1. Among bridges DSSP assigns within the protein assembly as shown, what percent are antiparallel (round to 5)?
2. Relative contact order of chain A, please, whole-number percent, based on alpha carbon pairs below 8 angstrom and at least 6 residues apart.
3. So for the protein assembly as shown, taking the charge dipole from beta-carbon charges (+1 Lys/Arg, -1 Asp/Glu), which of A:A12, B:S44, A:G148 sits furthest toward the positive end?
4. Express in Å², to the nearest 10, the accessible area of B:D8 obtained by rolling a 1.4 Å probe over the protein heavy atoms while all chains stay in place.
5. Give, rounded to the nearest 20 debye, the magnitude of the charge dipole that the protein assembly as shown has about its Cα centre when Lys and Arg contribute +1 at Cβ and Asp and Glu contribute -1 at Cβ.
6. With the crude spin-label approximation of a point 7 Å out along Cα→Cβ, what separation in nm comes out for B:M1 versus A:R94?
7. Which whole-Hz ³J(HN,Hα) couplings does region B:12-27 yield from phi under the Karplus relation 6.51 cos²θ - 1.76 cosθ + 1.60, θ = phi - 60°, glycine and proline marked x?
8. Amide H to amide H under 5 Å from A:T200: which residues, 5+ apart in sequence or cross-chain, H placed 1.01 Å off N in plane?
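The values are calculated or read from the model by the stated rules, or taken from the named source; none is laboratory data. As the structure is a computational prediction, the values presented were derived from the model and not from experiment. Methodologically, a virtual Cβ is constructed for each residue, glycine included, from the backbone with ideal geometry; neighbour enumeration extends over all protein chains shown. What goes into the accessible areas is simple: the full protein's heavy atoms, side chains included, and nothing from ligands, DNA or RNA. Shrake-Rupley method; radii C 1.70, N 1.55, O 1.52, S 1.80 Å.
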Amino acid sequence: MSGTVIVGASVAGVRTAQALRSQGYSGAITIVDAEEEWPYDKPALSKSFLSGQSHRDSLELISKTEAASLEIELLLGTRAIGLDVAEKLLEVDRCVPIAYDSLVIATGGRARPSPWGQPEGVHVLRTLDDARKLHNDLSPGAHLAVVGAGFIGAEVASTARAANVEVTLIDPLPYPMSRVMTPEVGDWFSRLHEAHGVTTRFGVGVESIDGGRGNFALKLTDGTEVRSDSVLVGIGSMPNDEWLTDSGLLIDNGVLCDEFCRAIQTEGIYVAGDAARLMDQQTGPSVRLEHWTNAVEQAKTVAHNIVNPGDAQIHQSVEYVWSDQYDWRIQVAGRPSHDLDQVTHGDPFVQGRAAAIFVKGGALRGAVVVNWPRVLIEARKAIARKWTAQELNDRIESLTQSVSITSKD
Amino acid sequence: MAKQAKADYEACQGYANCVMGAEDYFDLDDDGKVVLLASEVPESDEPRVAEAARSCPVSALWLEDS
């Protein structure tokens, strides 16, 4: 009995191990990870851990006690380097190949490297080590240039401002988080950064980064220059799938898997988290999601399907991400996009809360919610239950009414 | 034996993953704090509620032996 081998002590990997046990799996469970670090969670790395407010202990994905009591074995500092699908063997850099009955690929992703070079003082942010290094450069009065106004860049800008670091936020697109925002909603977030003293340079790219720590010069595509003490490059991530190149698995910017999270054309091999590219039968093109909640939900599906191969479950999940920036909790459900119609409720600068509902031909596609938890729940349920946009808008209207009545009492 | 659902209300940030995982056990109030709709979790519901608790991004929920 070889049991289940999980590659990656990511949230997807650790949650798969825990879900296997809570679903009654009695085989051996081994988690293999290239990092020496005890498994840690990543959302805080751009927020409370980066600021120094939360500590290493609070990032643990599982305690040592729980791992021991659930009989989950961890092989840390052990890098997966290949897979022999026919022999059911995982090849690693430290010891003889590891036999498995079921294999879970949860190797996640890594930060896209800086195309302008990465001398000391030019950072990316993905790992605990990255966060420690960036934290050391966030001293009050220092100047940080943030390249890329996606979720990571926007969160680091917020954390750095709270530490009294001067921040210039640069992105070639016209507003932050532009993959998921329309111009109107994107404008909320541009104004949010500006209101907190960030210098924004949207609509211009970076041509080069010269100099060294304490004295960087970023040349921008409009001919201007930004000077900074350090730089964060937050331009997305890439899946860790190269180790599978010779395995015969289908790889295309992620490991291709079906709706049961099984690697395509294989038996006993599952994929969860950022490394998974899900072939979506309903929406057509395949998607690779880089969301914490998706990783956790895929972990659950994978565990169920390992324990109940005769009653395999389809991975069905409403996409959901959150971001904490300044005093805003930003929550995105479903799949908003810049090319959809949108209805907004409230104004984050007036009422301190707002929601934008994204619609295509009457069909509900997604929602962006700021500081409004009740609406967030309604939106997630509405998307899961395939309500029309009108039904959700009516529901939000009625919440707004009931709130205003309460406040008059 | 039935278990008890427990919440750390200070830690809760209103992410709502628990509600999506088990809306018969968890809800959020208007301030976005978790509300336990039932604290006793019978064995038959345990895997589902345990997974909903583990889907909390800030580990504000857990099950305890009662």
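1. Numbers: 60 of 94 bridges.
Of the beta bridges lying entirely in the protein assembly as shown, close to 65 percent run antiparallel.
2. Working: 900 pairs, mean separation 57.7, N = 409.
14 percent.
3. A:G148
4. 60 Å²
5. Value, rounded to 20: 660 debye.
6. Those two pseudo-labels are separated by 3.7 nm.
7. My calculation for region B:12-27 gives 4, 10, x, 6, 6, 5, 5, 5, 5, x, 7, 6, 7, 10, 10, 9 Hz in order.
8. Amide H to amide H, under 5 Å and 5 or more residues apart or across chains, A:T200 pairs with A:L169.
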